[in-house]
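Since the structure comes first, as structure tokens, the remarks are kept for the end.
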Amino acid sequence: MSSSDILGIGLMARAAEVGKVKTRLAASIGDAKATAVYRDLLSNISSELIGATKQLCGSRVEFCWFADPAESIPQLREDYKGFESFAPQVSGDLGVRMQQALETLLGQFGFAALIGADIPDISAKHINATLAALEETDVVLGPTFDGGYYLIGMKRVHHELFTGIPWSSTNTFEETISACEDANLSYHLLETLSDLDVVADFEHIKWRPSSFEI
């Protein structure tokens, strides 16, 4: 199989450091429990999502972790065996970091997509749908209920989607769609999912952490 047929999937995620992840959730349940939830999210991606995606899509997918901080990579490589490769995130705002990650993936594969670690209900079917859609369209987006997106996929980097966008905003998805339309890019939308930022989000997701009861 040619690398041009492969979807490179990048996970944009921090290492699970107490006090530095899931801070909004920590405001309700404490830093230690919030970090435990985050570790469960990462384990779920590594064991469940990657395994199911490999079964469904076969060798047409490869997973890379874009890590922050860079010095966490040796430990992440030891703890999360499902990923083919690990790379550091570059410095800059989220748009700069996402653009660079996509450029890295598209330097190796024909298709690329980025996902976040805080979408518990993302599944292999969403990855498969992304791969299928990228055969026909320029951009794939997975919207979240809070106005952001949990997945962005493309077959070449469209720089206009990463500049002038209000990141971590209720308008992030809307502004990204506007940027697609302004650039005459076709786009495909996946199912809308909920991210996990606060305790109330557990009302809208199926996944539950193994570390403790909510």
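Worth pointing out:
- No other residue among ALA179, ALA200 is of a type in the set (A, V, I, L, M), farther than 18 Å from PHE111 by Cα and surrounded by fewer than 13 Cβ atoms within 10 Å (Cβ to Cβ) apart from ALA200.
- Qualifying positions in segment 187-205 - within 18 Å of the chain's Cα centre (by Cα) and over 13 Å from ASP118 (Cα atoms): TYR187, HIS188, LEU189, LEU190, GLU191, THR192
- Scanning segment 13-30 for residues that are in a helix (DSSP H, G or I) and in contact with a helix residue (DSSP H, G or I) (Cβ under 8 Å, 6 or more places away or on another chain) yields THR23, LEU25, ALA26, SER28, ILE29.
- Residue list for segment 18-33, restricted to those being without any contact (Cβ under 8 Å) to a residue 40 or more places away in the chain and under 19 Å from the mean Cα position of the chain (by Cα): LYS20, VAL21, THR23
A quick yes/no check of all residues on (1) within 22 Å of ALA113 (Cα to Cα); (2) crowded, with 22+ Cβ neighbours inside 10 Å; (3) in contact with an Asp or Glu (Cβ under 6 Å, 6 or more places away or on another chain):
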residue	(1), (2), (3)
ALA13	yes, yes, no
GLU17	no, no, no
ARG24	no, no, yes
GLY30	no, no, no
SER47	yes, no, no
GLU62	yes, no, yes
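- Residue satisfying condition, being of a type outside the set (Phe, Trp, Tyr), over 23 Å from TYR38 (Cβ atoms) and in contact with a helix residue (DSSP H, G or I) (Cβ under 6 Å, 6 or more places away or on another chain), within set VAL90, VAL139, VAL96: VAL139
- Output for segment 38-64, where each listed residue is of a type in the set (D, E, K, R) and either at positive phi or part of a helix (DSSP H, G or I) (or both): ARG39, ASP40, GLU48, LYS54, ARG60
Here's the yes/no breakdown for (1) under 18 Å from ARG14 (Cβ atoms); (2) hydroxyl-bearing (Ser, Thr, Tyr); (3) touching a His at 6+ places or on another chain (Cβ under 7 Å); (4) part of a helix (DSSP H, G or I):
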{"residue": "PHE66", "(1), (2), (3), (4)": "yes, no, no, no"}
{"residue": "PRO74", "(1), (2), (3), (4)": "yes, no, no, yes"}
{"residue": "GLU78", "(1), (2), (3), (4)": "yes, no, no, yes"}
{"residue": "LYS81", "(1), (2), (3), (4)": "no, no, no, no"}
{"residue": "GLY92", "(1), (2), (3), (4)": "yes, no, no, no"}
{"residue": "GLN99", "(1), (2), (3), (4)": "no, no, yes, yes"}
{"residue": "PHE109", "(1), (2), (3), (4)": "no, no, no, no"}
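None of the figures in this text is laboratory data; all of them are computed from the coordinates on show. Computed from a predicted model, the values in this text were never measured in an experiment. Backbone-built Cβ (ideal geometry, glycine too); neighbour counts: all protein chains shown.
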